[in-house]
């Protein structure tokens, strides 16, 4: 199938060629970059409640001072926690997954350095980690 070019299309093309207007180079466009995080992780497997809370206290301070803005805290899901067989212990608060974020939330000194804690990940039974987003050091 042969298609003829109309006189109007020819004239439009000639006008474009003769024009001094420049086309924008789309390859040079600057795209908004996604936010880059300085991220660190900490694994609390094997820590007792007291050890984990002390470690998180010092780790958040250290990360804040060094300019880290996202901490991934690996706690595990609590599936192998020995507290499940002890009727005198809370099933939730003795599992690091729940107790560590609660400790951080109740510590005003730490919360002054934190933008947010990903509590949705804490409450998700299939996840054994959560994120903490830190403020910028002034």
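Look at 16, 103 and count the other Cβ atoms within 10 Å of each Cβ; fewest to most, that gives 16, 103. With neighbours defined as other Cβ atoms within 10 Å of a residue's Cβ, the residues 116, 108 order from fewest to most as 108, 116.
Bear in mind these aren't lab numbers, they're just calculated from the coordinates by the rules spelled out. Predicted model, so just to flag it, every value in this text is computed and none were measured. Quick reminder, even Gly has a Cβ in these numbers, built from the backbone with ideal geometry, and neighbours come from all protein chains shown.
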